[in-house]
Amino acid sequence: MSATNLFEDGTLDLLFTNIALPNVGDAAGLQPSAAAGNWHISLHFGNAISDTSTLQTDNEAAYTPYVRQPVVRSVAGWTVASGTATNDAPITFPTSSTGPETETDVGLGFAAAGGGELQIFSPLDADLIVNNLVTPQFAIAALAVSLD
């Protein structure tokens, strides 16, 4: 079975734009969070998950001064259409002062730092080599999460 586009968009709206998913349980449906919070985007130099762990710190980028980047769970942070959520603004990581380090995966989780659980992950379309003075970035709509 597959979900309909309407249900996919509704689920992505709940997760990424903090908009209620109507008619699940009752007419009010699954309600948004009182405080929207953020997704925290991470880069990884190896597989973002393994058979035994799904921590955000697994193979996480280590170049100086790397930190995860927050994207608010709202229509200011994400656009949902046709079963896909995409970022509304560039997601820019700090400029490297070390290197080289090769990033192969991207992840989304809820922890700003430390070993939170990775919720969504994907290999990058192409490896990203982070050398000194390189600023890793996802352009607008470059980070796309789909349900299908």
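Structure data summary
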read-out: Among the candidates Val75, Val80, Val67, residue that is assigned to a loop (DSSP other than H, G, I, E, B) and either open to solvent by less than 30 Å² (accessible area, probe 1.4 Å) or in contact with a helix residue (DSSP H, G or I) (Cβ under 8 Å, 6 or more places away or on another chain) (or both); value: Val75
read-out: Residue check, Thr86 of a type in the set (Ser, Thr, Tyr) and open to solvent by 50 Å² or more (accessible area, probe 1.4 Å); value: no
read-out: Residue list for region 73-90, restricted to those being among the hydroxyl-bearing types (Ser, Thr, Tyr) and in contact with an Asp or Glu (Cβ under 6 Å, 6 or more places away or on another chain); value: Thr79
read-out: Cβ-Cβ under 8 Å pairs, at least 6 apart or on other chains, region 33-61 side closer than 9 Å to Gly107 by Cβ, far side of a type in the set (Val, Ile, Thr) and modelled with pLDDT under 90; value: Asp58/Ile49
read-out: So Ala48, is it modelled with pLDDT under 95 and surrounded by 14 or more Cβ atoms within 10 Å (Cβ to Cβ); value: yes
read-out: Residue list for region 1-45, restricted to those being under 13 Å from Phe121 (Cα atoms) and open to solvent by 60 Å² or more (accessible area, probe 1.4 Å); value: Phe45
read-out: Scope region 46-77; condition within 17 Å of Gln137 (Cβ to Cβ) and touching a strand residue (DSSP E or B) at 6+ places or on another chain (Cβ under 8 Å); matching residues; value: Ala61, Tyr63, Tyr66, Arg68, Gln69, Pro70, Val71, Gly77
read-out: Residue count for region 89-135, restricted to those that are in a strand (DSSP E or B), without any contact (Cβ under 8 Å) to a residue 60 or more places away in the chain, of a type in the set (A, V, I, L, M) and open to solvent by 50 Å² or more (accessible area, probe 1.4 Å); value: 2
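The values are calculated or read from the model by the stated rules, or taken from the named source; none is laboratory data. Bear in mind that the values here come from a model prediction, so they are computed numbers and not experimental data. Note that each Cβ is placed from the backbone with ideal geometry, even for glycine, and that neighbours are counted across all protein chains shown. Note: areas computed on protein heavy atoms with side chains; ligands, DNA, RNA excluded. Shrake-Rupley method; radii C 1.70, N 1.55, O 1.52, S 1.80 Å.
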